[in-house]
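S.K.: One structure, pasted below without further comment.
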Amino acid sequence: MANESQQQHYKKLQTLLKELPWYVEEYIDHKRRKLSAASLLNYCHDYKIFFNWIMAEQLYEGKATDIPLELLEKLTVQQVEGFLHALQYQLHNKEITVNRKLSALKSLFNYLQNIAETRDLQPYLNRNVMAKIEFNELKDSMETIANKMEGKILLGDEYENFRRFIANDYGEFIKDNKKLVNFYTLNKERDTSIVSLILGSGLRLSEVVNLDLDDIDFKKFSARVIRKGNKEQYVYFSNIAMDDLQEYLKIRENRYQVEKNNKALFVAATMGPKGKSRRLTGRSIEKIIEKYATAFGKPSLSVHKLRHSFATRYHAEINDVPKLRRQLGHSSIQTTMIYTHIRNDDLRSAVDKMDMPKE
């Protein structure tokens with residue numbers, strides 16, 4: 001299993017921790033076994049914003065790294081509400097983003113009050129102001145979120161049409177640009193395989209990026225991935241995804257001049273006469289999807305929207321929320337329930353037929 005990106009996250013994490021108080025690093029160490037490096041890094045970014053706000057409000061004079069526990073214990077509800085207000089109206093964070101950052105702070109403060117102990121077995125904090133702060137009540141219901149999502153994902157025939165567009169029709173779209181045609185010819189099997197795999201499995205971007213050749217089980221049509229929380233799981237993918245993957249693997253080694261020690265499944269073309277093939281990055285895959293989505297006439301499509309597209313189709317075909325939850329790697333079934341509210345074309349058709357007069 002590839003761990004380059006995880007190692008990069010850990011390096012960034014260690015750098016960021018140097019800008020934060022010592023008890024934050026202690027909390028992060030406590031969470032390392034349960035959360036991925038990416039999640040821990042996101043937590044620290046949220047903490048940096050919070051401690052910078054403390055400094056900006058002149059609640060503490062000195063360095064952010066020296067902000068004492070005593071200050072956290074004396075924060076008032078009004079002050080914390082002021083911070084959340086600043087997130088929403090000065091930094092223009094959406095309500096769901098404010099909730100996520102508040103959740104990160106609640107987790108930290110809970111650790112300081114209920115888990116961490118001094119040498120004489122006393123809690124770091126006796127008073128936890130974050131326990132008194134309520135989350136924003138999100139205005140959008142699951143159905144509203146689903147309706148907003150509906151116009152931005154693939155439904156019905158679009159699902160296969162998009163895949164075919166990448167495999168064949170895009171070449172016709174760019175036929176007058178020789179440079180683009182050459183680049184497309186070089187990468188179309190790889191790009192088709194990437195999109196087909198996401199549409200046929202619902203994998204996350206990071207999971208696709210980190211796939212190695214050894215992670216694919218060609219007999220069981222599954223891929224070994226590390227999900228959120230560093231949990232290993234075998235995720236099944238479709239027959240079409242396997243066919244496209246096999247076509248890509250036929251040309252992978254020679255076309256991309258892949259060295260034998262490079263086990264990355266999806267690789268980028270070499271650059272320069274002495275360039276080496278390298279693992280395709282997450283940003284590169286995002287750009288690939290954006291390029292094809294724009295040409296296809298659905299510019300709102302993204303890697304995450306392809307994942308949504310898979311989930312919507314899976315629910316329409318299988319209608320088994322627990323299985324879908326496992327396939328997607330959701331920690332909460334409430335997240336998965338969103339897909340039960342999307343009105344798929346196939347479902348509409350089935351309902352419409354109920355109104356047809358019987359012969």
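The values are calculated or read from the model by the stated rules, or taken from the named source; none is laboratory data. Source: prediction; values computed, not measured. Neighbour counts run over all protein chains shown; Cβ positions are idealised from the backbone, glycine included. When the accessible area is computed, the model is the full protein with side chains, heavy atoms only, and any ligands, DNA or RNA have been set aside. Shrake-Rupley method; radii C 1.70, N 1.55, O 1.52, S 1.80 Å.
S.K.: Going through LYS94, LYS101 one at a time, which residue ends up being surrounded by 13 or more Cβ atoms within 10 Å (Cβ to Cβ) and basic (Lys, Arg)?
M.R.: One residue alone meets the criteria, LYS101.
S.K.: So in segment 55-73, with the set limited to residues that are touching a residue at least 24 places away in the same chain (Cβ under 8 Å) and open to solvent by 60 Å² or more (accessible area, probe 1.4 Å), which one is farthest from THR97 (Cα to Cα)?
M.R.: Result: ASP66.
S.K.: A follow-up question, please. Does at least one position in segment 254-272 carry a residue that is among the hydroxyl-bearing types (Ser, Thr, Tyr) and either in a strand (DSSP E or B) or closer than 23 Å to GLU160 by Cβ (or both)?
M.R.: Looking for residues that are among the hydroxyl-bearing types (Ser, Thr, Tyr) and either in a strand (DSSP E or B) or closer than 23 Å to GLU160 by Cβ (or both), one finds none in segment 254-272, hence no.
S.K.: Can ARG279 be described as open to solvent by 60 Å² or more (accessible area, probe 1.4 Å) and either without any contact (Cβ under 8 Å) to a residue 12 or more places away in the chain or in contact with a strand residue (DSSP E or B) (Cβ under 7 Å, 6 or more places away or on another chain) (or both)? Spell out the reasoning first.
M.R.: On the way: open to solvent by 60 Å² or more (accessible area, probe 1.4 Å): no; either without any contact (Cβ under 8 Å) to a residue 12 or more places away in the chain or in contact with a strand residue (DSSP E or B) (Cβ under 7 Å, 6 or more places away or on another chain) (or both): yes.
Against the criterion (open to solvent by 60 Å² or more (accessible area, probe 1.4 Å) and either without any contact (Cβ under 8 Å) to a residue 12 or more places away in the chain or in contact with a strand residue (DSSP E or B) (Cβ under 7 Å, 6 or more places away or on another chain) (or both)), ARG279 does not qualify.
S.K.: Determine whether segment 240-260 contains at least one residue that is surrounded by 13 or more Cβ atoms within 10 Å (Cβ to Cβ), charged (D, E, K, R), in contact (Cβ under 8 Å) with a residue 60 or more places away in the chain and more than 20 Å from VAL303 (Cβ to Cβ).
M.R.: Yes, the conditions are met somewhere in segment 240-260.
S.K.: Return yes when GLU290 is within 23 Å of TYR184 (Cβ to Cβ) and assigned to a helix (DSSP H, G or I) and no when it is not.
M.R.: Details: within 23 Å of TYR184 (Cβ to Cβ): yes; assigned to a helix (DSSP H, G or I): yes.
Taking the combined requirement at face value, the residue satisfies it.
S.K.: Quick test of your reading of the structure: PRO299 fulfils all but one of (1) touching a residue at least 12 places away in the same chain (Cβ under 8 Å); (2) open to solvent by 30 Å² or more (accessible area, probe 1.4 Å); (3) in contact with a helix residue (DSSP H, G or I) (Cβ under 6 Å, 6 or more places away or on another chain); (4) not in a helix (DSSP H, G or I). Name the failing condition by number.
M.R.: Here PRO299 meets the rest and fails (1).
S.K.: Can you tell me which residue is farthest from GLU207 (Cα to Cα) among those in segment 302-330 that are outside any helix (DSSP H, G or I) and open to solvent by less than 50 Å² (accessible area, probe 1.4 Å)?
M.R.: Taking segment 302-330 and keeping what is outside any helix (DSSP H, G or I), we get 302, 319-320, 329-330.
This time we only want the ones that are open to solvent by less than 50 Å² (accessible area, probe 1.4 Å), so: 302, 320, 329-330.
Numbers: SER302: 15, ASP320: 23, GLY329: 11, HIS330: 14 Å.
Selected residue: ASP320.
S.K.: Further question: Any residue at all in segment 167-186 that is open to solvent by less than 60 Å² (accessible area, probe 1.4 Å), touching an Asp or Glu at 6+ places or on another chain (Cβ under 6 Å) and closer than 17 Å to GLY297 by Cα?
M.R.: Just the residues of segment 167-186 that are open to solvent by less than 60 Å² (accessible area, probe 1.4 Å), to begin with: 167, 170-171, 174, 181, 184, 186.
This time we only want the ones that are touching an Asp or Glu at 6+ places or on another chain (Cβ under 6 Å), so: none.
Within segment 167-186, none of the residues are open to solvent by less than 60 Å² (accessible area, probe 1.4 Å), touching an Asp or Glu at 6+ places or on another chain (Cβ under 6 Å) and closer than 17 Å to GLY297 by Cα.
S.K.: Show the residue pairs that are 6+ apart or on different chains and have beta-carbon atoms under 7 Å apart, the first residue being within segment 283-296 and of a type in the set (Gly, Ala, Ser), the second being surrounded by fewer than 14 Cβ atoms within 10 Å (Cβ to Cβ) and assigned to a helix (DSSP H, G or I).
M.R.: none
S.K.: Find the residue count for segment 22-66, including only residues that are more than 20 Å from LYS228 (Cβ to Cβ), touching a helix residue (DSSP H, G or I) at 6+ places or on another chain (Cβ under 6 Å) and either part of a loop (DSSP other than H, G, I, E, B) or among the charged types (D, E, K, R) (or both).
M.R.: 2
S.K.: Next up: Have a look at ASN93, ASN42, ASN52 and point out the one that is touching a residue at least 12 places away in the same chain (Cβ under 8 Å), under 28 Å from GLN8 (Cβ atoms) and under 26 Å from the mean Cα position of the chain (by Cα). Show your work before the answer.
M.R.: On the way: ASN93 fails: touching a residue at least 12 places away in the same chain (Cβ under 8 Å); ASN52 fails: under 26 Å from the mean Cα position of the chain (by Cα).
Result of the check over ASN93, ASN42, ASN52: ASN42.
S.K.: How many of the residues in segment 151-187 are under 24 Å from the mean Cα position of the chain (by Cα), among the basic types (Lys, Arg) and part of a helix (DSSP H, G or I)?
M.R.: Residues flagged as under 24 Å from the mean Cα position of the chain (by Cα), among the basic types (Lys, Arg) and part of a helix (DSSP H, G or I) within segment 151-187 amount to 1.
S.K.: Also, I was wondering about something else. Any residue in segment 231-239 that is free of Cβ contacts under 8 Å to residues at least 60 places away in the same chain, in contact with a Phe, Trp or Tyr (Cβ under 8 Å, 6 or more places away or on another chain), open to solvent by 50 Å² or more (accessible area, probe 1.4 Å) and closer than 30 Å to GLY329 by Cα?
M.R.: yes
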